[in-house]
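Below is one structure, written out as structure tokens; the observations come after it.
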Amino acid sequence: MVPLEIFGFLNLSLTDILDILMVAFIIYYVFRWIKGSAAMNIFFAVLVLFILRVVVEAFNMRLMSAFLGTFLDLGVLALIIIFQPEIRHFLIRFGNNTRLYRKGGTFLDNLLGIKEDQLGNDTVNEIVEACRQMSADKTGALIVIPHKTNINYIIETGDRIDSNVNRRLIMNLFFKNSPLHDGAMIISGNHIVAARCTLPITSKTDIPPSLGMRHKAAIGISEETDADVIVVSEETGDISFVKGGKLTHINNINELKLLLGQALDKQASLKSEE
């Protein structure tokens, strides 16, 4: 039997225990992130090679250790290039879920110059009325309303509009014969910023089959950002409101106005506190 002293596992200090726990946490978090994806097999292969490298280094196999080290370095670089979109989405989602200013947000927002895009009452009414009419006409629509999260990388995938919010303009842009109807519309700061934007698709597998790609895209962008998303189904005319990856079916148009108005109420309360 090989003595455990070779691996240095006998004399464990508090730092060693903390080191092991941190590595275990990282492996667990990565495992949860890529579970069920094509990257799972690659992750296991890299993990096995890493463990093998630890073993050969423990036995002082310098040539094999150097070979595995070079292979792993090149392999990690290749993985970063191959999975660049997935890594970007992961980091965005991780950052949004672990923001330090969740409890003391106002101070850090002011310090970093982060401002929340606000919708006025008139803008909310125009959006709601447009959705009501598109629902009656069964016109498919996908509207993204960001707050603090910067989504320029999404806006760049579409066509710039830069127009005031108007119900007729919204309906015309989503009209099935319009060249800009396919994709998402971004509304920020009482302006229609862009249309025909491409959104990330959620990786959830428990979505009902009755929901199409618009709903999956709405859930995907809401998981990565703090945006409110409105979906109008082209097949049924049903309206859905999506926030934080959670989809809510709208039974009547007043519910949609209430959900959009919650942001206005929050802003009003913050101003009154100041």
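Just so it is clear, none of the values below were taken in a lab; they were calculated from the coordinates. Given the structure is predicted, the values throughout are model-derived calculations rather than measurements. Cβ placement follows ideal geometry from the backbone for every residue including glycine, while neighbour counts extend to all protein chains displayed.
Using 22 Å as the Cα-Cα cut-off, could you pick out the over-long pairs in Lys176/Lys216; Lys176/Lys204; Lys148/Lys176; Lys176/Lys243; Lys204/Lys246; Lys204/Lys243? Before the final figure, lay out the partial values.
Details: Lys176/Lys216 20 Å; Lys176/Lys204 28 Å; Lys148/Lys176 31 Å; Lys176/Lys243 26 Å; Lys204/Lys246 11 Å; Lys204/Lys243 15 Å.
As for pairs spanning more than 22 Å Cα to Cα, those are Lys176/Lys204; Lys148/Lys176; Lys176/Lys243.
Within a 10 angstrom radius of the beta carbon, how do Thr198, Thr225, Thr236 rank from fewest other beta carbons to most?
Numbers: Thr198 14, Thr225 23, Thr236 10.
The order, fewest Cβ neighbours first, is Thr236, Thr198, Thr225.
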Requested in this report: Beta carbons within 10 angstrom, averaged per residue: use that to sort the peptides 238-245, 52-59, highest first.
Outcome: 238-245, 52-59
Query - Proxy reagent accessibility, fewest Cβ within 10 Å first, across Arg214, Arg32 - result: Arg32, Arg214
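Using the 10 angstrom Cβ neighbour count as an exposure proxy, how do Ile81, Ile250, Ile42, Ile27 rank, fewest first?
Numbers: Ile81 8, Ile250 22, Ile42 16, Ile27 13.
Taking fewest neighbouring Cβ atoms as first place, the list is Ile81, Ile27, Ile42, Ile250.
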